[in-house]
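**Q** The structure that follows is given in the form of structure tokens.
No value in this document is a laboratory result; all are computed from the given coordinates. This one's a predicted model, so the numbers in the text were calculated from it and none came from an experiment. Ideal geometry is used to build each Cβ from the backbone, glycine not excepted, and the neighbour counts take in all protein chains shown.
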Amino acid sequence: MSRLRLAIPPAPRRRQAGFTIIEVLIASLIMAAVVIGALSIYVKTNKTASDQQQYVQIQQDVRAAIYYVSRDVRMAGAGLPSNYFQAAIQGTDNEDQGGTVKPDRIQIMGNMEAPFSLTIQSCNGSGTKITLADHSFEQYPYPDSYYVGQICLLLPKSSSTCTGAAVRQITGVIHNSGGTNEAFQFSHGQAKDINPPGGLKDVCADTEYVGGTVLFADFYEYWLDVTGNYTGLTAGTNGYIGGGTAGVLYQTHDNTYSPIAMNIEDFQVQYDGNFDGDSSGTLDGFTDWNSSWTATQIASIRRVRIWVVGKTPSRFTSISAAPQSSGSIYRHPAIANSAAGTTDDWCKRFVLETTSNIRNLSLGIYNTGVR
């Protein structure tokens, strides 16, 4: 008798885990799209951040330039007698340095940094030695070493018909310990490389300076180095950068060059005074410097308008569309009598303009006790 056997079906095979090739391709495409999108956002953000960093930098440079120039312009003529106001300020219009932009210059003079004004008792040796009243030095806190090297103006007495002024550099101080026999010694001739505004020249006889004034004189000049290789200056000498570093606004003080702002494209100045000689003294409005102005016209200047144009050192890379053809900020703007650029270079500009009132002409608070 045979046995009955039950047929037991085999256990089903378990499907192995994994992805099909189509699933892998789809996932890869999705991942690639995400990565490309992230990289695109990163590149765009990085370009925008870099551009904005450039723009912030030129804003800081332009603001610094405006601050220094306007501050010193307000001090033009401080401590000068009224008959020397024509020597307080002088300009140069559209200096041609070989570039398409022709910047202005402005030079100012006054007793600005260190109060000092004394009466001359005697003058001899073509202005190389002047004597002062006893105890003159005791009126000021400066030690003897401070005077040496200072640039001074020797102004003739008020009754003199001579309008010249001697620009001298102090080489020595003479006085007794008791404050007597006080005198200055000077270098012979005009102070080296100092060219004061107003065409001041040492044309007065020594006798004309007796009863006149000796005062410290500060000569400031603001000018823009367009090319970075200014003719006549040597890179690394007296503070001049040079070496092709263009767009630097300099402050020249007594023949020392101080770079006060980088990334400057243009520097323009205009002047407001009673140029027509109207007896009412009404100012005639702003105009560019005129080399034919008389001393009287220059002395009438009371306001100075200043423009500074900053330019990013590199072109903006975050701009995708072409700039508009009119009023574009990607070309040099028209300011004062400086013409606008004709083509876009994709570098962004920042412009500031300010007006300074020359409020310190005939400022006579030094050593008088009267404000």
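**Q** Within 10 Å of each residue's Cβ, count the other Cβ atoms and sort TRP293, TRP346 from fewest upward.
**A** TRP346, TRP293
**Q** Sticking with this structure for a sec: Among the aspartates and glutamates, which fall within straight-line cross-link reach of LYS348, defined as a Cα-Cα distance under 20 Å, with same-chain neighbours fewer than 8 residues apart omitted?
**A** Of all the aspartates and glutamates, those that pass the test against LYS348 - Cα under 20 Å, at least 8 places apart if same chain - are ASP51, ASP61, ASP225, GLU265, ASP266.
**Q** Here's something else I'd like to know. Quick one: check the C-alpha center-to-center distance for region 143-158 versus region 61-109, whole angstrom.
**A** Here the two parts' Cα centres lie 23 Å apart.
**Q** Follow-up. By per-residue mean of other Cβ atoms within 10 Å, what is the highest-first order of 301-307, 180-186?
**A** 301-307, 180-186
**Q** Sorting HIS188, HIS332 on the 10 Å Cβ count, fewest up front, what's the list?
**A** By the 10 Å Cβ count, ascending, the order reads HIS188, HIS332.
**Q** Find the percent of Cα-Cα distances in region 242-300 that exceed 20 Å, and round it to a whole number.
**A** When all Cα pairs of region 242-300 are counted, 50 percent exceed 20 Å.
**Q** Same structure, new question: Calculated FRET efficiency, TRP346 and THR237, Cβ-Cβ r, R0 25 Å, to nearest 0.05?
**A** Result of the calculation: an efficiency of 0.10.
**Q** Considering only C-alpha atoms, what is the centroid distance from region 253-292 to region 331-346, in Å?
**A** Cα centroid of region 253-292 versus Cα centroid of region 331-346: 21 Å apart.
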